[in-house]
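Notes for the one structure printed next.
What follows draws every value from the coordinates through simple rules; no lab data is involved. Here the structure is a predicted model, which means the values were calculated and not measured. Glycine gets a Cβ as well: all are built from the backbone with ideal geometry, and neighbour counts include every protein chain shown.
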Amino acid sequence: MSATVESQGSKRLKAIGLWLATFLLMLVMCVPGLWVMLSGFRPNREILAKPPIWVPQELTLDNFGKIFGWGAEQIAIPVPAYFTNSLIIALTSTLIALGVGMAGGYAFARFRFRAKGALFLGLMLFRTVPGIALSLPIFMIWSRLGLIDTKLGLIIVYVSLNVPFTIWLIDGFFRQIPLSLSEAAQVDGCTRWQAFWKIEFPLARSGIASAGVFAFLTSWNEFALASQLTRSTDSKTLPVGLLDFTAQFTIDWAGMCAMAVIIIIPALILTFIVQKHLIAGLTFGGVKG
Amino acid sequence: MAEITLEKVVKKYGAVGVVHGIDLAIAHQEFVVLVGPSGCGKSTTLRMIAGLEDITGGLVKIGGTVVNDLPPRKRNISMVFQNYALYPHMDVRANLGFGLKIAGQSPAEITKRVSEAAEILGLTPLLDRTPAELSGGQRQRVAMGRAIVRNPDAFLFDEPLSNLDAKLRGQMRAEIKKLHQTVKTTVVYVTHDQVEAMTLADRIVVMRDGHIEQVGTPMEVFNHPLTTFVATFIGSPPMNLLPATITGGAVQLSDGSTVPVPDRLRGFVTEGMKVQLGIRPDDISPIGHGLSQDGPGAELRLTVALAEPLGMESLIYTHIAGQEVQAKLYGPRIVQPGETLDFRLALDRAHLFDAATGRSVRAA
C-alpha cells in the first residue's frame with residue numbers, strides 16, 4: 001500500500017523534474033529571440049536603461065513606424081526596399097532550387113546513368129563546403145561579370161547553395177515511392193510525365209514542401225555572402241540591412257530589433273503553415289539517406 | 001481479338017542476358033501462366049509484354065500489331081502488380097476510375113463503369129475508403145477492379161497473390177478464375193507457385209534461366225514432363241529421380257536391382273543408355289495403400305526412414321538403391337520409422353529421362 005503511494009509519488013516527482021528540465025531548456029533557447037521581439041516594441045531609452053528594466057513599462061509601435069516612415073520620427077533606412085529584395089531573392093532562388101531539386105532528385109531516384117554515384121557524392125561534398133569559404137572567389141568572378149550588387153548575383157549563389165540539399169531531400173522521397181505506382185499509372189494510360197504529376201508528385205509533396213521551406217529560410221536568413229555581394233537598395237537584403245542601424249557612434253537597438261521582428265515573422269508563418277509536412281517530411285524522408 | 005505473340009524475344013541488361021530468345025503464342029481469351037523459380041525471366045517477359053521493359057531483340061505482337069516501340073498506354077493492356085500499386089492518395093473509387101479519367105471518359109460513363117466493376121468484385125461498400133484502410137485481400141480486389149474497368153485486350157498479372165496469407169491466396173485464386181470466366185479476356189499470369197499454375201492455367205509455360213522448358217496444358221505438363229526440371233518443379237512433393245542404366249531390356253538401378261522398362265517407353269530406349277528413372281511419390285505406395293493397384297508395376301521391400309502423417313495420407317521417406325525417395329501411403333494408417341513394408345511402383349506412370357541432357361527419352 002505504502003509502496004504504491006511511494007511509487008506514485010516518485011512518478012510524479014519524475015514528471016515534474018522532466019517538465020522543469022524541458023522548461024529550462026526551452027527558456028535558454030527562446031529567451032534571446034523573445035528578447036529581440038520584445039525590444040522591437042519598446043522605446044530605445046527603456047532598452048538602454050541602467051539598471052535594466054526587465055518588465056516592459058510601455059509597449060509601442062513607434063519603432064515600426066520609424067522604419068516604414070509612418071510616424072513623425074523617421075530614419076533614413078529603406079526597409080521596404082530591403083524587404084522587397086529579400087522576398088524576390090528568397091522566393092526566386094527557392095523556386096529554382098526546387099525545380100532543379102525535383103528534376104535532379106527524381107533522376108537520382110529513378111534512373112541509372114553513368115557516374116551517378118560520383119555525381120551524387122560530389123553534390124554532397126559541395127554542400128559540406130561552408131559558403132563563406134567561397135566568398136572571395138565568388139566576389140572576384142561576380143565583379144568581372146558585373147553581378148555585384150544585383151539580385152541575380154545573389155539568386156545564383158543561393159540556388160547553388162540550396163540545390164545539393166533539395167536534390168538530396170527530394171531524392172529520398174522519390175525513393176520511398178514504389179516504382180510500380182508510376183508503372184501502374186503508365187499502364188493505366190498516362191505518359192511518364194502525367195504519371196509524375198498525377199501520382200509521384202502528390203505523394204512526394206510533403207518532402208518537396210520541406211525542401212522548399214529549408215531553401216527559403218537559408219536564402220532569407222543568409223548574411224555572410226549577402227554582406228559581401230550587395231551594396232545598395234538594388235540588392236541589399238534584410239539581414240544586411242540590419243547593419244544600417246549601426247552608425248559610427250550609436251546603435252539604434254530599438255529599430256534594429258523592430259526590423260529583426262520583420263525578418264522573423266515571415267519565417268515563423270511559413271514554418272507554421274508547413275510544419276505538419278515538415279515533421280512528416282523530416283522523419284519520413286530522413287529514414288533513407 | 002487479342003492474341004499475344006512473342007517471337008525470338010531477347011532481354012539483356014548490358015552483357016547479361018535474362019531472356020534468351022523465347023517464342024510463345026497466346027490465343028485470344030486464353031489463360032496462360034508463366035511459372036518458374038526466381039530469376040527465370042518470367043516477370044521480365046511479362047514486363048516486356050506490358051511495355052515496362054525495353055525489348056532487346058525479337059518481336060512482341062498484341063492483336064497482330066508489333067508493339068515493341070509502343071509505350072504501355074498504347075498497348076491497351078492492364079496489369080495487376082505484386083504489391084498492388086494502388087494510388088495511396090486516392091480513394092477506391094478514384095483508383096478504379098483513374099484510367100478512364102486519363103482516357104477522357106465522361107464522368108457519367110466513369111461512374112457507371114466503376115460501379116459495374118465494383119459490383120463484380122464486391123467492392124461497392126469500400127468505394128470511399130483509401131487503400132490504407134483496406135485489408136490485403138481487399139487491396140488485391142481493387143487492383144483487379146482497376147484492371148477490368150478499362151476493358152483491356154489483355155490482363156497481365158505479376159505474382160498477384162504472393163503477398164497474401166495461404167488461406168486468402170486460395171480464395172483469391174478462385175476469384176481470379178471466376179473473373180476470367182466472367183470477363184473472358186486474354187490473361188498472362190506470372191507466378192512461382194506451381195499450385196496457382198496448375199489450378200488457373202489453360203496452358204502453363206515453364207521457364208528456367210531465360211528459356212522456355214515446356215508449354216502445355218496443366219495435365220500435359222504434369223503427366224508428360226519434357227525435362228527433369230519440369231518433372232521436379234511441377235507437382236508436390238517433387239518427382240523422385242533415380243540414376244539408372246538400360247541393361248538387358250530393363251532399368252538397372254545403381255545398386256544392381258532392376259525394374260522393367262515401362263511399356264510405353266520401350267521404343268525410346270537403347271541398350272546401355274544412361275537414364276534417370278522418374279517416379280512421383282504418389283506412384284510409390286505400400287501395397288493396398290496406393291492410388292492404382294492394376295497395370296504394370298514393380299514390387300520392392302523398403303524400410304521406412306521417416307513418416308509424416310497428413311490425416312488421410314502419409315508422406316513416407318525411404319531409400320531405393322541407396323537414394324532417398326519420397327513415397328505416399330493413402331489411408332489413415334500410422335507407419336513407424338524402421339517398419340519394413342512391401343511397396344508397389346506404378347511403372348505405367350514412370351518416366352525415363354536421358355541422363356546426359358535431362359530430357360525425356362520420348363522427346364530426345
What does the net charge come to around B:Glu119 if you take all other residues with beta carbon closer than 15 Å to its beta carbon, with K and R at +1 and D and E at -1?
+4
Expected unfolding gain across B:Asp342-B:Gln105 under the 0.36 nm per residue rule, minus the alpha-carbon gap, is 78.3 nm
Within a Cβ distance under 12 Å of A:Glu46, other residues only, what is the Lys/Arg minus Asp/Glu net charge?
+1
Count the lysine pairs in chain A that are 8 or more places apart or on different chains: how many have C-alpha atoms under 24 angstrom apart?
6
Charges only on Cβ, +1 for Lys and Arg, -1 for Asp and Glu: so what's the dipole of the protein assembly as shown about the Cα centre, in debye to the nearest 20?
1300
Segment A:72-156, Kirkwood Rh and Cα Rg, ratio Rg/Rh at 1.12
Distance between the C-alpha centers of segment B:238-317 and segment B:93-153? Whole Å please.
52
As a test of the formula, what do you get for chain A when each DSSP H run with n ≥ 4 contributes -39,500 (n - 2.57) and the sum is divided by the residue count, at 222 nm and rounded to the nearest 500 deg cm²/dmol?
-24000 deg cm²/dmol
Which of B:Gly338, B:Met312, B:Leu179 sits closest to the plus end of the dipole of the protein assembly as shown, meaning its Cα is farthest towards the positive end, when Lys and Arg get +1 and Asp and Glu get -1 on the C-beta?
B:Leu179
Over 22 Å between alpha carbons, listed pairs B:Lys42/B:Lys274; B:Lys61/B:Lys177; B:Lys61/B:Lys184:
B:Lys42/B:Lys274; B:Lys61/B:Lys177
Env charge @ A:Leu154, Cβ radius under 10 Å, K,R +1 / D,E -1, value 0
Sorted by chain and number, the residues with a modelled amide H under 5 Å from that of B:Val18, at a separation of 5 or more or across chains, are B:Lys11, B:Lys12, B:Tyr13
Within segment B:59-91, what residues put their amide N at less than 12 Å from the label point 7 Å along the Cα-to-Cβ vector of B:His28?
B:63-64
Counting helices only, and only those DSSP H runs with n ≥ 4, report the 222 nm mean residue ellipticity of chain B as the sum of -39,500 (n - 2.57) divided by its residues, in deg cm²/dmol to the nearest 500.
-7000 deg cm²/dmol
Any number yet on Rg/Rh for the protein assembly as shown, C-alpha, Kirkwood?
1.18
Amide H neighbours of B:Thr227 under 5 Å, counting only residues 5+ apart in sequence or on other chains, H built in-plane at 1.01 Å?
B:Ser360
Cα centre as origin, Lys/Arg/Asp/Glu Cβ charges: segment A:79-286 dipole, Debye
620
Once R0 is set to 30 Å, what does the formula 1/(1 + (r/R0)^6) return for the Cβ-Cβ distance between A:Arg231 and A:Arg127, expressed as a FRET efficiency to the nearest 0.05?
0.60
How many nm separate the modelled label positions at A:Phe272 and A:Leu87, each set 7 Å beyond the Cα in the direction of the Cβ?
1.8
Bins of 10 Å, starting at 0 and running to the largest distance - Cα pair percent for segment A:2-68
17, 29, 20, 15, 12, 6, 1
Where in chain A are the DSSP H helices whose alpha-carbon span along the long axis reaches 20 Å or more and whose Kyte-Doolittle mean is at least 0.0?
A:2-39, A:79-110, A:151-176, A:201-221, A:253-286
